[in-house]
Amino acid sequence: TQLLEQSPQFLSIQEGENLTVYCNSSSVFSSLQWYRQEPGEGPVLLVTVVTGGEVKKLKRLTFQFGDARKDSSLHITAAQPGDTGLYLCATPSGYALNFGKGTSLLVTP
Amino acid sequence: KAGVTQTPRYLIKTRGQQVTLSCSPISGHRSVSWYQQTPGQGLQFLFEYFSETQRNKGNFPGRFSGRQFSNSRSEMNVSTLELGDSALYLCASSSTTAFDTDTQYFGPGTRLTVL
């Protein structure tokens with residue numbers, strides 16, 4: 001099973017700050033998905049990246065896939081309290097998703 | 001379209017008991033997956049079904065089992081419950097056989113507490 005390491009584990013910031021979270025592996029990703037999970041809910045897919053060097057934007061969220069397809073980052077600009085949640089990266093493998101342990105983000109007003 | 005529904009949402013059991021959790025996928029979805037989420041281990045894959053066939057199983061003991069019905073609804077069963085089985089159990093569904101590129105839609109989960 002491919003090991004996905006996410007950092008940081010926890011992040012607490014003020015509204016309006018920028019932040020970046022990371023997902024790394026020692027193996028090449030076939031593709032990588034980012035999810036956000038809010039308390040009491042299941043994860044919701046934010047984006048899928050497939051091509052090395054790919055950059056995708058979703059409003060204030062920017063996702064990058066490393067050139068070697070072994071790492072990915074999620075950058076949030078001007079964080080808002082609504083961004084609070086657990087950010088998970090995952091890669092598919094044999095009819096299963098392999099998840100990292102996530103970054104827990106708290107944005108306070 | 002209604003989302004993935006899981007019942008019950010909360011469950012309290014005692015050690016040694018067994019439990020059955022239910023998942024109804026989005027209408028038209030034929031793939032159903034189950035995951036266990038704990039603070040220490042994160043999200044771990046349990047099993048995946050497509051058209052009543054189990055296509056993959058995670059590294060869990062035989063006490064964990066599942067099945068899928070002809071209407072794509074799925075159940076998972078945990079027998080002889082242990083304290084360590086306390087977790088959020090999540091179900092996800094997707095529409096096609098192309099698992100790697102298909103979007104997985106997760107339900108809200110069943111919170112199981114074992115006392």
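Only the coordinates and a few stated rules stand behind these numbers; no lab work does. Being a predicted model, the structure only gives us computed values, none of them experimental. We place every Cβ from the backbone using ideal geometry, glycine too, and count neighbours over all the protein chains shown.
Taking DSSP loops as anything outside H, G, I, E and B, show the longest stretch in chain B free of trypsin sites (Lys or Arg not before Pro) there with at most 12 other beta carbons within 10 Å.
B:16-115
When you take every Cα atom in region A:52-109, what is the radius of gyration, and what is Dmax, the widest Cα pair distance, in Å?
Gyration radius and largest Cα-Cα distance of region A:52-109: 13.1, 42 Å.
Obtain the nm distance between the two label points defined at A:SER93 and B:ARG30 by a simple spin-label model: each point lies 7 Å from its Cα along the Cα-to-C-beta direction.
Using points 7 Å along Cα→Cβ, the separation is 2.7 nm.
Run a plain Debye calculation on region B:8-115 (Cα atoms as equal point scatterers, no solvent) and give log10 I(q)/I(0) at q = 0.10, 0.11, 0.20 Å⁻¹, rounded to two decimals, same order as the q list.
Calculated log10 I(q)/I(0) at the listed q: -0.26, -0.31, -1.01.
Tell me the Rg and the Dmax, in Å, that the Cα atoms of the protein assembly as shown produce.
Computed over the Cα atoms of the protein assembly as shown, radius of gyration and Dmax are 17.6, 51 Å.
List the trypsin sites (Lys or Arg not before Pro) within chain A that fall in a DSSP loop (any state other than H, G, I, E or B) and whose Cβ has at most 14 other Cβ atoms within 10 Å.
A:LYS59, A:ARG60
Tell me the Rg and the Dmax, in Å, that the Cα atoms of region A:1-105 produce.
13.0, 40
Using a simple spin-label model with points 7 Å from Cα along the Cα→Cβ vector, what separation in nm is obtained for A:GLN9 and A:VAL55?
It is 3.2 nm.
Per 0.36 nm of contour for each residue apart, how much would the distance between B:SER95 and B:GLU82 grow if the chain were fully extended, relative to their Cα-Cα spacing? Can you show the working numbers first?
Values: separation 13, 0.36 × 13 = 4.68 nm, distance 3.37 nm.
Result: 1.3 nm gained on full extension.
Go ahead and collect, in residue order, the members of region B:19-49 whose backbone nitrogen is under 17 Å from a label point 7 Å along the Cα-Cβ direction of B:LYS13.
B:19-23, B:34-38, B:46-47
Out of region B:1-109, which chymotrypsin sites (Phe, Trp or Tyr not before Pro) are coil in DSSP terms and have no more than 16 other C-beta atoms within 10 Å?
Answer by residue number: B:PHE69.
By how many nm would the segment from A:GLU41 to A:ALA78 grow when fully extended, if each residue of separation counts as 0.36 nm and the alpha-carbon distance is taken off?
Extending this stretch completely gives an extra 10.9 nm.
Which of A:LYS70/B:LYS57; B:LYS13/B:LYS57; A:LYS57/B:LYS57 have a Cα-Cα distance over 32 Å? Could you put the intermediate results ahead of the total?
Numbers: A:LYS70/B:LYS57 25 Å; B:LYS13/B:LYS57 25 Å; A:LYS57/B:LYS57 34 Å.
Checking Cα-Cα distances, A:LYS57/B:LYS57 exceed 32 Å.
With θ set to phi - 60° and the Karplus curve 6.51 cos²θ - 1.76 cosθ + 1.60, what are the ³J(HN,Hα) couplings of region A:36-49 in order, to the nearest whole Hz, using x for Gly and Pro?
Calculated HN-Hα couplings, in order: 10, 10, 9, x, x, 10, x, x, 10, 5, 9, 7, 10, 10 Hz.
Express the relative contact order of chain B as a whole percentage, based on alpha carbon pairs under 8 Å and six or more residues apart in sequence.
36 percent
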